[in-house]
Structure formats: structure tokens, C-alpha cells
Amino acid sequence: ADYRELTTKAGMLRQGGKMFRGRRASHGVWDGVWEFPGREVKGGDTPEHALPRWVAATTGRTIRIEKKIAVVQHGYTTNWVALHGYVCTLAQDADPDPEHRWINPSTLEEFAFAAGHRKLLEELGWK
């Protein structure tokens with residue numbers, strides 16, 4: 001099979017000992033699965049520059065990238081993905097919209113995360 005190679009980014013947001021996660025739209029591939037904010041990097045951009053812009057555009061929140069966690073590789077359907085993961089914090093305290101939620105890291109196992117995002121959790125030791 002021919003795979004399309006994608007570069008994506010995800011920000012694992014922390015605030016007050018909790019993690020921020022969102023839910024994929026209820027249509028398309030992996031509908032309803034939980035994930036950390038992020039999307040495909042396009043047009044020669046870098047994940048470090050694209051992530052804060054994307055989070056601001058979709059959630060209205062400003063983030064600071066603290067550190068890069070890892071680049072995890074995984075495949076699904078017809079895509080081969082290099083997912084760049086970052087630990088981030090919000091530049092200001094804010095409550096997320098209803099499609100996003102702050103959760104305790106101890107409850108992460110209760111949520112079905114996308115494969116690449118699960119691998120990022122494993123990199124942090126938060127299986």
C-alpha cells in the first residue's frame with residue numbers, strides 16, 4: 001500500500017497538576033477518540049511554531065512550550081505519521097470549552113486516546 005507521510009504536532013497542556021485533552025469530531029477516522037491539541041504541520045512550517053498558533057486558533061488559548069517530549073512514529077489507514085509531542089502550559093488560567101477537559105493524570109487510562117498520543121503518554125511514563 002502507498003502511505004502518505006505526515007508530520008503532526010501535539011501539545012500536552014498542564015495546569016494545576018492536571019492535563020488538558022480534547023475529543024475528535026464525531027465523523028471521520030477515529031471519531032470520538034481523545035487526543036491532545038494538535039494537527040498536521042504544513043507548508044514548510046515547524047511543529048514548534050505551528051502548535052501555539054493552532055491551539056490559539058482552535059481554543060482561544062495562548063500556550064508556552066516547555067519542552068519536547070519525543071517524536072513518535074505510527075501508521076494508520078493510508079498515513080505514516082511522525083508525531084512531535086511537547087509539554088506545554090497555558091499562558092493564563094482558563095477553563096476550556098466543552099469539547100475539552102482538564103483531567104488528573106491518574107485517570108488517563110479511563111479514556112481511549114489515539115495511538116500516537118498514547119505513545120506520547122508512554123514516553124512520559126503516564127501509561
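Table for the structure above
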| item | result |
| --- | --- |
| Full-extension gain in nm, Ile65 to Glu5, via 0.36 nm per residue minus C-alpha separation | 19.1 nm |
| Surface per residue (accessible, 1.4 Å probe) for the chain, Å² | 56 Å² |
| Nearest-ten-degree value, helix 47-59 long axis tilted from longest Cα axis of the chain | 60 degrees |
| Cα gyration tensor shape of segment 35-82, rounded if a/c is under 1.5, else prolate or oblate by comparing a/b with b/c | prolate |
| Unit charges at the beta carbon, dipole of the chain: most positive-side option, Thr77, Ala115, Ala91 | Ala91 |
| Distance (nanometres) between label positions extended 7 Å along Cα→Cβ at Thr46 and Ala112 | 3.7 nm |
| Rough spin-label spacing in nm, given labels placed 7 Å along Cα→Cβ, for Glu123 and Ile103 | 1.9 nm |
| Carbon and sulfur %, accessible surface of the chain computed with the full protein complex present, 1.4 Å | 49 percent |
| Sum of -39500 (n - 2.57) over DSSP H runs of 4+, divided by residues of the chain (222 nm, nearest 500) | -5000 deg cm²/dmol |
| Relative contact order (%) - criterion: Cα under 8 Å, at least six apart; region: the chain | 33 percent |
| Residue with peak Gaussian network fluctuation, the chain [Cα springs, cutoff 10 Å], from Leu83, Leu108, Leu51 | Leu108 |
| Charged-residue dipole, Cβ positions (Lys, Arg, Asp, Glu), the chain about Cα centre, Debye nearest 20 | 200 debye |
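The values are calculated or read from the model by the stated rules, or taken from the named source; none is laboratory data. Bear in mind that the values here come from a model prediction, so they are computed numbers and not experimental data. Because the Cβ atoms are built from the backbone with ideal geometry, glycine has one as well, and the counts that use them run over all protein chains shown. To get the accessible areas, we keep the full protein, side chains included, count just its heavy atoms, and leave off ligands, DNA and RNA. Shrake-Rupley method; radii C 1.70, N 1.55, O 1.52, S 1.80 Å.
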